[in-house]
Amino acid sequence: MATRTRRAEDPTTVTGPGSGPDETSILFFCTANRCRSPFAEAIALRQLGNRPFVVSSAGLLAGGHPVPKNGLKVASEFDLDLSAHRSRRADLRNLAGWDVILTMTREHIREIVAANPALWPRVFTIKQFRRWIERNPPSRRARLGAWIDVAAAERSRFDMVGADPDDEIDDPLFSPPEGWRELARVLHTEIGAIVRALTDSGRDARL
């Protein structure tokens, strides 16, 4: 079973993952799903390789828009093809089922949790989750989402208050190519660490 992207009847909206019982699901989330989260999705799909994961990305704004030209140019420098990507809006009230939702900013966490409080234990910024999962190696005996529900139950809600550069990834929308290159480098580092934490111990989805 290989890593795959989520399939949906409506290509401009994201709801639940549609994952099987032996698949781990990850949703990357940003504002418009045109810059940061599509890069994250593409990088994660490549790094996860032939493992049983479902990966997708979405944003707050209406879908159907392409990645900006500078983003496409830089993506190609990193051997990523985002030319077919069109933005997708997350249906915030219907995201149940994702094992973990990884955002770019604390504000994104607030938007998700305000619309759907039950999602709180499973929503982190990418940088928060990288630090947290390295400190809390995942159980081999439970599905990732169910394990996070328990292991992260006592997380402080101050994790979503205000803004903190240590937790956040800047939006390169109006940046020159170097801003996009920095995005790609940061995401490669952060997602690489997350993938290692989720898979190095032999844990794929349910073990």
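Values quoted throughout were computed directly from the atomic coordinates according to the rules given, and no laboratory measurement underlies them. All of these numbers come straight from a predicted model, not from anything done at the bench. Neighbour counts run over all protein chains shown; Cβ positions are idealised from the backbone, glycine included.
Overview of values
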| item | result |
| --- | --- |
| Ranked THR12, THR103, criterion: other C-beta atoms within 10 Å, fewest first | THR12, THR103 |
| Listed residues SER175, SER19, SER87, most fluctuating in the chain (Gaussian network, C-alpha, under 10 Å) | SER175 |
| Compactness of region 4-199, expressed as Rg and Dmax over alpha-carbon positions, Å | 15.4, 46 |
| Kirkwood Rh in Å, taken over region 96-207 so that all alpha-carbon pairs contribute | 14.9 |
| Exposure proxy order (Cβ contacts within 10 Å, fewest to most) of SER83, SER156 | SER156, SER83 |
| Amide proton proximity set for ARG51, modelled H, under 5 Å, gap of 5+ | THR3 |
| Positive-end residue of CYS35, ILE101, THR15, charge dipole of region 1-126 with Cβ unit charges | CYS35 |
| Test item: Cα-centred dipole of region 35-95, Lys/Arg +1 and Asp/Glu -1 on Cβ, debye | 180 |
| Size of electric dipole in region 4-199: Cβ of Lys, Arg +1 and of Asp, Glu -1, about Cα centre, debye, nearest 20 | 380 |
| 0 to 90° range, to nearest 10: angle between helix 177-199 axis and the chain longest Cα axis | 20 |
